[in-house]
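A.B. asks: My structure is below; once you've seen it, I'll send some questions.
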Amino acid sequence: MSSTISNMPVLNIKREAELDKNFAKTIAKLAHGEQIYGCIQCGNCSSTCPLSPYMDYTPRKIIAMVKAGFREEVLTNKTIWLCASCYSCTVECPKGIKITDVMYALKREAIQNKIYPKRFTIPAMSKAFYDTVKSTGRSNEVALLMRYYMRTNIFSALSYVGVGLKLLKTGRLAIIEKQMKRKQDFKKMLKDSEN
Amino acid sequence: MKYLYYPGCSLKSSGKSYEESMLAVFKHLGIELQELNDWNCCGATNYMAINEQSAMSVTSRNLALAEEQGGSGEINLVAPCNACYMGLLKTKTYLENEQGLRDSVLQKLDSIGMKYEGRVKVRHPLDILVNDFGLDKLKMAVKKPLKDLNVVSYYGCQVVRPITAFDDASDPVYMDQIAMTLGATAVDWGMKVRCCGGSMTSTVSDVGLRLNYLLLKEAKRKKADIIITACPLCQFNLECFQDKISRKYGESVNIPVVFFPQLIGMALGLDKKELGLQRMFVQPQYL
Amino acid sequence: MSNNKEEIRIGVYICHCGHNIAGAVDVVGVAEYAAKLPNVVISKDYKYMCSDPGQELIAADIKEYNLNRIVVTSCSPLLHEKTFREATTKAGLNQYFMQMVNIRENVSWVNENFDDATEKSKDLVRAAVQRVAFQRALEKQKVPVNPNVLIVGGGIAGISAALTMANAGKKVYLVEKESTIGGHMAIFDKTFPTLDCAACILTPKMSSVKNHPNITLWTYSEVSNVEGFVGNYKVQVTRKPRYVIEDLCVGCMLCVEKCIFKEGKFPDEFNQGLSKRKPVYVPFPQATPLVAVIDDKTCIHFKTGKCTQTCKTACDRNAIDFDQKPEIKEIEVGTVLLTTGFQAFDAKKVPYYGYGKYPNVFTSLEVERMVNASGPTEGHVLTREGKAPKSVGIIHCVGSRDEKTHKWCSRVCCMYSLKLAHLIKEHTGADVYNFYIDMRTPGKGYEEFYDKLLHEDVHFIRGRVSEVTDWITSPEEEGKLIIRAEDTMIGMVRRIPVDMVVLAVGMEPRDDAQEIRKMFNISCSTEGFFLERHPKLAPVNTFTDGVFIAGACQGPRDIPDSVAQAGAAAAEALVLIDSGHVELEPNTAYIVDEICSGCKSCLNICPYKAITFDLEKNKSSINVALCKGCGTCVAACPSSAIKQNLFEDVEIFSEIKGIFVE
Amino acid sequence: MQEEVKNNNIQTAKAWKPKILAIFCNWCTYTASDLAGVSRLKYPATTRVVRIMCSGRLDPQFILTAFSEGADAILIGGCHPGDCHYATGNYKCLRRFHLIQKYMKQMNIEPERLRLEWISASEGKRLAEVIGEMTETITKLGQSKIKQQVANIEK
């Protein structure tokens, strides 16, 4: 017992120098609003969130940590990736904080800085979706899932074979997607916005 | 009544029967839908996570197309998929409110010779049916009232959130009213707008399946015969994973899950095939 | 410049207001600039012009430099014009030779760029220097004050104010919309933090009002018209027919007993709809006046005309009169106290808490009635199924601290929730959970009350409830209402199954507040409560002289604060009455006969009918007593024959020119 | 010398910021501007307030004088319809406002340079917004040339 105590990691202390003082400002800008400064920590977001039971930190804590500048903790945890964009927190927030937009902003910030949890599946899905649309202009579930499983775990795709076959049988799987006509225009616009 | 119609990717694949049934029902009721030519993906939720500017540009191209094809004045653009509806509506609203964003998006449209003036009104078929067409008229069109059918309405998240353009954000009632108009019993339940997890059924399936398990279990506890939805992804999640969920939790959660126009179509006396009902995994016995 | 060609000697005084102005405007620079302006003899800046030394500085300079015009550049004239006018008068100069420039509210507090703000201040000072040269000596008009007072609203604030004024020997008209006075306080069972029985402390006051020789009490009545001005208001009160002659009825309840309805059938407003009443009823046993009232919306006689009128025959005093008509009373008063109170937030507006959907979700007012021994459940806290709850959740901040409903904190809900928690626990022994965002207990004995509750094993969860629902995730939740909230102290979402939910609804402005506001010519603040003249220094005054406000019509407040405010408002009214007269600003209009062409275009413009036409002289003339000084006729006169004191054309033009011409 | 004059012009052109005459009624809009101050709302230092008791006191001559003396724009503030402290003064103001608008059209003065707003005592925020918007509009529109034109005529 005594040996474990001597090996205990430092968990619950933070020094001001370790915080990113501009973090709140950056996120407020990316997330369409200064409202995050008005957070009263009521926890309505955490409570209404259908995914909060699975999160590392509840959404309320994320907002507090963003405000205080806990950049690393916020960007590396799974909470932001579990947000399913159901907007329940956003419509119910008594202070009008666009929490879903905050989560989006944090996701983008994490991707840009390449510090999201590496083996985590959700960022991979987002990227797969992005790439599918970028190349075809529309999303195609077959192409999307192919891309996704290539990136994560190709074997896990097997567990969905049953569902896939049923979809195929009922004509709900579009293997050949009708293509856009002005695809070149579309790509050009996207290229511009990535710069 | 004539509207421009934005199907979105899902209504061409897994949600095919949503499109089929809606087109059939609207045609029957005399509501004309004209598909938007050369539309592209709405941007959906995943896109925003990578590049918001790009997502909004992609979406605004659809709005610009609607203005190109919809003539002068205000243009009603119907988007049945919740994610598409929300994506289009959110983009439109944000463009209205944020000058910087507007400038940069308009510039991108300009680079491909398009423009957007802000004349598009984004509409959901529920909104059209209740507010433009009217429940009274719908009632008169009912041929086979759905007697003794207990219906729970599942709205999903993105139809009344984050921007509530119609109905109530936490307690929507439009689908319930439609069900009652068709002669069915609308069963009230507390999970109308409780999220199904979206793509989580594929990404973190433990979580995704549990969310859907809770929804299905509660529908069954409330003695529902059928669940109606207004979103292709909700419908997909709730219906297509029922076997998986039943196995995982060791209790049967099987219950038919259909799109609300399919329910309307049955009450109007339309053909099952026209409504795409043969595509459902769980056949509604009653219908 | 002016008529007698006197030399204009102006003194300009720039106030730093500590850092308030000096931090955003180069005050020294402005003073130096002003010194160079024409006619300016002396220009000074000073830390606090409104302080005694500041005022004395002006007075001393007037004497020393023989000044005859003063420009004070400081805050809003609405705040300190009176102060500096008095300072001017003290030095023997007519007060209307003083002009104020507002560089605090209009400049330093709102403009961020230092150079721009300084530039703006210089422009404004220059304008005032040019204007003041044309200002003339004027005298205030003295008008007598009618000693009678009108009090609108018979809740605890109105009752307290009425008794204070009446005890001071003034004639009081107390007008109440409902059929009894008592207001919200009469609904409550106990009052926090002392747990006094509300009825025990309120009822004696109510009967004092009824019996006071100086108080005329008109219940079931509304003010329908107001005319006049401070000291001299003409008010019309409409007494709605209650179909029972007040003077004859003794409140014996025989009519209620004999009503053709054997049982109550209509929601009882006083019991928040938890019980039923008959069309003829007395709201509650201590109602004042204790007179029955017949509700013509539910009474068979009024609905069909085919009632045997058992109530009428039952009354041996012949007090029932189905032919009663609205009665209009005209009164004259000098001052008005508005104590119209608040209304509770409608919990149906937040559907996620399930009020109206789940029967066992109650509002706090409903529970107030339930815990009351003479209430609909005779003091038992019961679910709709008639059972004592084993667990109860009290949700704070319903309709408060929320941008989608009301942004403000309603101030009383934390305390009354603690009170209800205590009473529910006492009555039922149930597990009581309080869901709060922040616990607000600022008040004498309030924090101590909270401490008491903490020791009573009442549960406190710091988190805003997101939903009251009936969907379940485990068998033990079956049949219960589930409250979901994050326990933010722990950082976990909790699902708490309860038998009863109490919504602590907040306070909001009454639906008719806007109507009353317009009638008495006062303003409301953004959220809709009546606006006080100054939030700190004139909290019971309004911008309309002679009209005062007290209690929850001005903003959410509890009983002790309402009573204190009522006292303050009564004192303010007494000051006006006892000084015997009021001084009115001399900003009235007058006609220069030589210029008036007799075109009559001014006649219909005056909203107060102060302008008449003298047929003999073929000219218009203005009755100063009726003129309120808006100046509309001045701008309308095609030949500029009408002038306005304090706002002469020449004054305004020179001010405008002064702004732009250096 | 020429060069210097030119530079000076550029200097003034750069430094130019609109000057807006604000004529506010005592009871509503002037009180609102006090409230904006007390609430520490921020808006550009472009306005100069002249207080009158009621917007009904507004004399069209005030407007014309201000323009010819160099005002870039004029903002008139009164109580909302139905809320006038003197019952109907604001309606009279509105009538005159329409007249002035017509006159301005004839004189080729941009209509944006005159604005009438109903701002109640509680609407400090609205006041700040209006001043912000107006400053933006007038900045885009540029300096008023009326003073110059009037001077030329008088020459």
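Nothing in this text is a laboratory measurement; each read-out follows from the coordinates by a stated rule. Every value quoted in this text rests on a predicted model; they were computed, and no experiment measured them. Please note: Cβ atoms are built from the backbone with ideal geometry, for glycine as well, and neighbour counts cover all protein chains shown.
A.B. asks: When you look at the Cβ of every residue in C:376-385, what mean number of other chain Cβ atoms sits within 10 Å?
C.D. replies: Details: counts 0, 0, 0, 0, 0, 0, 0, 0, 0, 0.
So the per-residue partner count for this stretch is 0.
A.B. asks: Which whole number gives the average count of other chain Cβ atoms within 10 Å of the Cβ atoms across peptide C:484-493? Walk me through the numbers on the way to the answer.
C.D. replies: On the way: counts 4, 6, 14, 4, 10, 1, 0, 6, 5, 10.
Average neighbour count from other chains, rounded to a whole number: 6.
A.B. asks: Grab the other residues whose beta carbon is less than 9 angstrom from that of C:LYS425, score K and R as +1, D and E as -1, and report the net.
C.D. replies: Working: positive: none; negative: C:GLU426, C:ASP431, C:GLU456, C:ASP457.
Here the charged neighbours net out to -4.
A.B. asks: Taking the mean number of other Cβ atoms within 10 Å as a proxy for protection, how do you rank C:325-331, B:186-192 from highest to lowest?
C.D. replies: Working: C:325-331: 12.3, B:186-192: 19.7.
Those peptides, ordered most packed to least, come out B:186-192, C:325-331.
A.B. asks: Can I ask one more? Work from the charge dipole of the range B:133-201 (Cβ charges, +1 for Lys and Arg, -1 for Asp and Glu, about the Cα centre) and give the residue of B:ALA169, B:GLY190, B:TYR154 farthest towards its positive end.
C.D. replies: B:TYR154
A.B. asks: Rank by packing, highest mean first: peptides D:53-62, D:113-122, with packing defined as the count of other Cβ atoms within 10 Å averaged across residues.
C.D. replies: Per-residue mean Cβ counts within 10 Å order the peptides as D:53-62, D:113-122.
A.B. asks: Another one. Report the number of Lys pairs in the range B:142-279 whose alpha-carbons are under 21 Å apart, with separation of 8 or more residues or on distinct chains.
C.D. replies: 16
A.B. asks: Hey, what angle do you get for helix C:413-428 against the long axis of chain C, alpha-carbon based, 0 to 90 degrees rounded to 10?
C.D. replies: On a 0 to 90 degree scale, this one is about 10.
A.B. asks: Mind computing the radius of gyration and Dmax over the alpha-carbon atoms of the range C:288-388? Å is fine for both.
C.D. replies: 20.6, 55
A.B. asks: If you put +1 on each Lys and Arg Cβ and -1 on each Asp and Glu Cβ, how big is the dipole of the range B:159-200 around its Cα centre, in Debye rounded to 20? Working shown, then result.
C.D. replies: On the way: 3 positive and 5 negative charges, 37 e Å.
With Lys and Arg at +1 and Asp and Glu at -1, about 180 debye.
A.B. asks: Shifting gears a bit: Roughly how many Å is it from the Cα centre of the range C:249-271 to that of the range C:563-597, as a whole number?
C.D. replies: The range C:249-271 and the range C:563-597 have Cα centres spaced 48 Å from each other.
A.B. asks: Residues of the range C:164-197 with the amide nitrogen closer than 17 Å to a label point 7 Å from the Cα of C:PHE266, along Cα-to-Cβ, please.
C.D. replies: C:178-180
A.B. asks: Summing -39500 (n - 2.57) over the DSSP H runs of n ≥ 4 in chain C and dividing by its residue number, what mean residue ellipticity at 222 nm do you reach, to the nearest 500 deg cm²/dmol? Mind dumping the intermediate values first?
C.D. replies: Numbers: 16 runs with 174 residues, N = 662.
Taking each H run of at least 4 residues, the total per residue is -8000 deg cm²/dmol.
A.B. asks: Then there is this: Per residue of D:81-89, what is the mean number of Cβ atoms on other protein chains within 10 angstrom of that residue's Cβ? Don't skip to the answer; put the middle values down first.
C.D. replies: Numbers: counts 0, 2, 6, 5, 7, 9, 7, 5, 6.
Whole-number average of other-chain Cβ neighbours for D:81-89 is 5.
A.B. asks: Taking N as the number of residues in the range A:11-112, what is its Cα Rg relative to 2.2 N^0.38 Å?
C.D. replies: Working: Rg = 12.5 Å, N = 102, 2.2 N^0.38 = 12.8 Å.
Against the empirical 2.2 N^0.38 Å value, I get 0.98 for the range A:11-112.
A.B. asks: Follow-up question, since we're still on this one. Charges only on Cβ, +1 for Lys and Arg, -1 for Asp and Glu: so what's the dipole of the protein assembly as shown about the Cα centre, in debye to the nearest 20?
C.D. replies: Numbers: 163 positive and 145 negative charges, 714 e Å.
Approximately 3440 debye in magnitude.
A.B. asks: How much length, in nm to one decimal, is gained on full extension between C:PHE302 and C:HIS19, taken as 0.36 nm per residue of separation minus their Cα-Cα distance? Show your work: numbers first, answer last.
C.D. replies: Working: separation 283, 0.36 × 283 = 101.88 nm, distance 6.82 nm.
Here the segment from C:PHE302 to C:HIS19 would lengthen by 95.1 nm.
A.B. asks: Quick one: Debye curve from the C-alpha atoms of chain B, no solvent, what's log10 I(q)/I(0) at q = 0.11 Å⁻¹?
C.D. replies: The calculated log intensity ratios at q = 0.11 Å⁻¹ are -0.63.
A.B. asks: Moving to a separate point now. Between beta-carbons, use under 12 Å as the cut-off and find the net charge around C:ALA162, counting Lys and Arg +1, Asp and Glu -1.
C.D. replies: Working: positive: C:LYS170, C:LYS171, C:LYS205, C:LYS210; negative: C:GLU176.
My count for the surroundings of C:ALA162 gives +3.
A.B. asks: Among the trypsin sites (Lys or Arg not before Pro) in the range C:566-662, which ones are in a DSSP loop with at most 16 other Cβ atoms within 10 Å of the Cβ? Mind listing them? Don't skip to the answer; put the middle values down first.
C.D. replies: Working: sites: C:LYS600, C:LYS609, C:LYS617, C:LYS619, C:LYS628, C:LYS643, C:LYS657; in loops: C:LYS600, C:LYS609, C:LYS617, C:LYS628.
Taking the range C:566-662 and a limit of 16 other Cβ atoms within 10 Å, the loop trypsin sites (Lys or Arg not before Pro) found are C:LYS600, C:LYS609, C:LYS617.
A.B. asks: Which one, A:ILE40, A:ILE80, A:ILE62, has the greatest fluctuation when you compute a Gaussian network model over chain A with C-alpha springs under 10 angstrom?
C.D. replies: Of A:ILE40, A:ILE80, A:ILE62, the most mobile in the Gaussian network model is A:ILE40.
A.B. asks: Given a Förster distance of 25 angstrom, what is the FRET efficiency for C:GLU56 paired with C:LYS140, based on the Cβ-Cβ distance and rounded to 0.05? List each step's numbers first, then the result.
C.D. replies: Values: r = 24 Å, r/R0 = 0.94.
Working from the Cβ atoms, E equals 0.60.
A.B. asks: Grab the eigenvalues of the alpha-carbon gyration tensor for the protein assembly as shown, scale each by 5, take roots, and send me the semi-axes largest first in whole angstrom. Don't jump to the answer; show the numbers that get you there.
C.D. replies: Values: eigenvalues 698, 406, 191 Å².
Equivalent-ellipsoid dimensions as semi-axes: 59, 45, 31 Å.
A.B. asks: Can I ask one more? Ordered by packing density, taken as the mean number of other Cβ atoms within 10 Å over each peptide's residues, highest first, how do B:67-74, D:28-35, C:160-167, D:63-70 rank? If you can, show how the numbers build up before the last one.
C.D. replies: Details: B:67-74: 12.8, D:28-35: 27.0, C:160-167: 24.4, D:63-70: 21.1.
Descending mean neighbour count gives D:28-35, C:160-167, D:63-70, B:67-74.
A.B. asks: P(r) of the range C:585-645 in 5 Å steps, Cα pairs, percent per bin?
C.D. replies: 4, 22, 36, 25, 11, 2, 0
A.B. asks: Further question on the same structure: Around C:CYS630, what is the net charge, scoring Lys/Arg as +1 and Asp/Glu as -1 over all other residues with Cβ under 11 Å from its Cβ?
C.D. replies: Details: positive: C:LYS628, D:ARG57, D:LYS92; negative: none.
Around C:CYS630, the charge tally is +3.
A.B. asks: Moving to a separate point now. Any idea how far the Cα center of the range C:400-444 sits from the one of the range C:65-101, in Å?
C.D. replies: 50
A.B. asks: Now for a separate question. If you put +1 on each Lys and Arg Cβ and -1 on each Asp and Glu Cβ, how big is the dipole of chain C around its Cα centre, in Debye rounded to 20? Kindly include the intermediate steps, with their values, before the conclusion.
C.D. replies: On the way: 76 positive and 83 negative charges, 262 e Å.
The dipole magnitude comes to about 1260 debye.
A.B. asks: Then there is this: With angles folded into 0 to 90 degrees, how steeply does helix D:60-69 sit against the dominant principal axis of chain D? Use alpha carbons for both and round to 10.
C.D. replies: The helix D:60-69 is inclined about 30 degrees to chain D.
A.B. asks: With the dipole of the range C:489-637 worked out from charges on the C-beta (+1 for Lys and Arg, -1 for Asp and Glu) around the Cα centre, which of C:PHE543, C:ALA568, C:LEU626 lies farthest toward the positive end?
C.D. replies: Farthest towards the positive pole: C:PHE543.
A.B. asks: Another question, if that's okay. Against the longest alpha carbon principal axis of chain C, how many degrees, from 0 to 90 and to the nearest 10, is the axis of helix C:52-64 turned?
C.D. replies: That works out to roughly 20 degrees.
A.B. asks: Can you tell me, using C-alpha contacts under 8 Å and at least 6 residues apart, the relative contact order of chain C as a whole percent?
C.D. replies: Values: 1390 pairs, mean separation 86.2, N = 662.
It rounds to 13 percent for chain C.
A.B. asks: When the helices in chain B are scored as -39500 (n - 2.57) per DSSP H run of 4 or longer and the sum is shared across all residues, what 222 nm value do you end up with, to the nearest 500 deg cm²/dmol?
C.D. replies: -13500 deg cm²/dmol
A.B. asks: Let me ask something additional. So what are the range C:343-508's ellipsoid semi-axes, whole angstrom, largest first, if each one is the square root of 5 times an eigenvalue of the alpha-carbon gyration tensor? All intermediate terms of the calculation are to be shown ahead of the outcome.
C.D. replies: Details: eigenvalues 86, 76, 59 Å².
Rounded to whole Å, the semi-axes are 21, 19, 17.
A.B. asks: Cα extents of the range B:143-210 along the three principal axes, largest first, in whole Å?
C.D. replies: 43, 27, 20
A.B. asks: With the radius of gyration and the Kirkwood radius both derived from the Cα set of the range D:17-154, what is their ratio Rg to Rh?
C.D. replies: When Rh is taken as the Kirkwood radius, the ratio is 0.97.
A.B. asks: Extension gain C:LEU603-C:HIS534, at 0.36 nm per residue separation less the Cα-Cα distance, in nm?
C.D. replies: Numbers: separation 69, 0.36 × 69 = 24.84 nm, distance 3.67 nm.
Roughly 21.2 nm would be gained on extension.
A.B. asks: Please express the Cα-Cα pair-distance distribution P(r) of the range B:142-279 as a list of whole percents, one per 10 Å bin, running from 0 to the bin with the greatest distance.
C.D. replies: 12, 42, 35, 10, 0
A.B. asks: Could you give the distance between the Cα centres of the range C:146-189 and the range D:68-102, to the whole Å?
C.D. replies: Computed from Cα coordinates, the inter-centre distance equals 40 Å.
A.B. asks: Considering only A:ASN140, A:CYS45, A:PHE70, whose Cα is most displaced toward the positive end of the charge dipole of chain A, charges sitting on Cβ of Lys, Arg (+1) and Asp, Glu (-1)?
C.D. replies: Checked the options; the winner is A:ASN140.
A.B. asks: For chain C, state the average projected area of the convex hull of the C-alpha atoms over all orientations, rounded to one decimal in nm².
C.D. replies: Working: hull surface 150.7 nm².
So the Cα hull casts an average projection of 37.7 nm².
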